[in-house]
Amino acid sequence: MRVWGAADVDAAADEGATLRVGPDDLVTPLARERARELGVEIAASPPGPAAAPAEGSPAVRAAVPRDSAARRVEVTPSAPHRRPGSSTASGPARAPGTEAPPPPVRPPSGALYRRGAPLPGTVPGRSGGATGRAVVVGAGHVGMITALRLADADVFAEIVLVDVDEGRAAGIALDLTHTAALGGFTTRIRGVGTVEEAGPADYAVITAGKARQPGMSRSDLVSVNAAIVGDVAGRIARTSPGAVIVVVTNPLDEMTHHAWKSSGLPPERVIGMAGVLDTARFKSLAALEGLARADRIEAVALGSHGDAMVIPLSQASAGGRPLSESADPAGLHAIVDRTRASGAEVVGLLRSGSAFMAPGTSTARMVLAMVRDSGEVMPATVLADGSYGLRDVYIGLPARLGRGGVREIVELDLRPDELDALHAAAKEIRERVDALAAVA
Ligand SMILES: O=C(O)C[C@H](O)C(=O)O
């Protein structure tokens, strides 16, 4: 039995083919919906050995004349579909020698429109006209919260969730769409099964991969997640050569470096999310200790997203006063230690999976800073450019973010012991990245 999804219908549409399904195959409701929109026939495979094609085989998409004598299990006549920007149903005409056109941007399923999602361009967003597309790969908890926060900000025309479990991605997209009136946003949200179906992105967030379980370190995920992140990053670069990639998958330092290598994108457009999360944790934990309101604390988490995390206390203050004046050194170091172990603390409490509220919110913060071209300085995992005496290693540093990713790495006036800790983190990250390169 094979499950046919919307991606299969899209592929059949591209080839002008009938989608031929075996007697035991399942066609998802979204695929049927898509077939109706695109005028693709879904027909039974003829009996015989060819009736049950192997998954992914091109044979299953072979063009069959529309008046084929094959028994049709569903024929859904509709007006011929014309994709945006195309001059014919089979693609735009172009002069010989000109560049290939970008992949078609497909309209989202009409099902979402009928269920009340706003149409693009019909309703201005709060920000005065939402534009662009954010693609979140991995519709797990972190992807879900990232999409929620991005939707609530109402700055994107479209957010697309991508997951190998297309139904989950589509279900979360629809569920989130149902909050449009509550959140006051006009962003359209889709859920699809592949990066290619999502269409070209301005920002692509990679959350796909396994989460750790109690007793595991983030590094235990390296080989399984490297395969996923490498594949996804390559697909994003091919589908969206102008995108900025934000990596969230663990182990974060290695995965950001790996996504950069696999995508071939310039380093300013491949960034890891960890410092915003670790900084937010430090501030919250300091607030729990009564030092100040969390949002009035200044601090920054640098280095590695792990044991070699560096939280320079020289940079930690509240209301212009160093935190070291409000708390004794032992108390402050206890907060730093708890911050470093926060991911594991949540994993231990959840007993299955890892944190998602703070990671998803932190990821959205970074994307929003970029799409708004805010120029905010945020700790991010970036390729060191010589600042802090570091080069050619992805490590958490303060970075000024703009529309096109990292505008610059900002140098803080760190104490010598803090700088040493940063160099020690870089050494450790380098060793882990080298170990990954040796097995990948
Ligand atoms: O710690 C994890 O496993 C997930 C994430 O990196 C976190 O810090 O919460």
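Read-outs throughout are calculated quantities, based only on the coordinates presented, and are distinct from any laboratory measurement. Everything numeric here is computed off the predicted structure, so don't read it as measured data. Positions of Cβ are generated from backbone atoms using ideal geometry, with glycine treated the same way; all protein chains shown enter the neighbour counts.
Worth pointing out:
- Descending principal axes extents, the range 264-363, alpha-carbon based, whole Å: 46, 36, 23
- Among 178-191, 309-322, 236-249, the order from most to least packed when residues are scored by Cβ within 10 Å on average: 236-249, 178-191, 309-322
- For Arg188, distant residues with modelled amide H under 5 Å away: Glu158, Ile159
- About the Cα centre, charge dipole magnitude for the range 222-277 (Lys/Arg +1, Asp/Glu -1 at Cβ), debye: 200
- Ratio of Rg to Rh for the range 131-272: 0.97 [Cα atoms; Kirkwood radius as inverse mean 1/r over pairs].
- Packing-based order for 301-308, 345-352, 209-216, 423-430, using average beta carbon neighbours within 10 Å, highest first: 301-308, 423-430, 209-216, 345-352
- Within the shell of other residues whose beta carbon sits under 15 angstrom from the beta carbon of Asp373, the net charge comes to +2, with Lys and Arg scored +1 and Asp and Glu -1.
- When each of the peptides 409-416, 391-398 is scored by the mean number of other C-beta atoms lying within 10 Å of its residues, the order from highest to lowest reads 391-398, 409-416.
- Close amide H partners of Thr194, meaning residues 5 or more places away or on another chain with modelled amide H under 5 Å apart, are Asp163.
- Computed label-point distance, nm, for sites Ala435 and Ser374 using a 7 Å Cα→Cβ extension: 3.5
- If R0 is taken as 56 Å, the Cβ-Cβ distance between Ala181 and His333 corresponds to a FRET efficiency of 0.75.
- Neighbourhood net charge (11 Å Cβ-Cβ; Lys/Arg +1, Asp/Glu -1) for Thr131: -1
- In the range 191-251, Rg over Rh equals 1.03, where Rg is the alpha-carbon radius of gyration and Rh the Kirkwood radius from pairwise Cα distances.
- Lysines with Cα under 26 Å of Lys210, excluding same-chain neighbours fewer than 8 positions away: Lys261, Lys427
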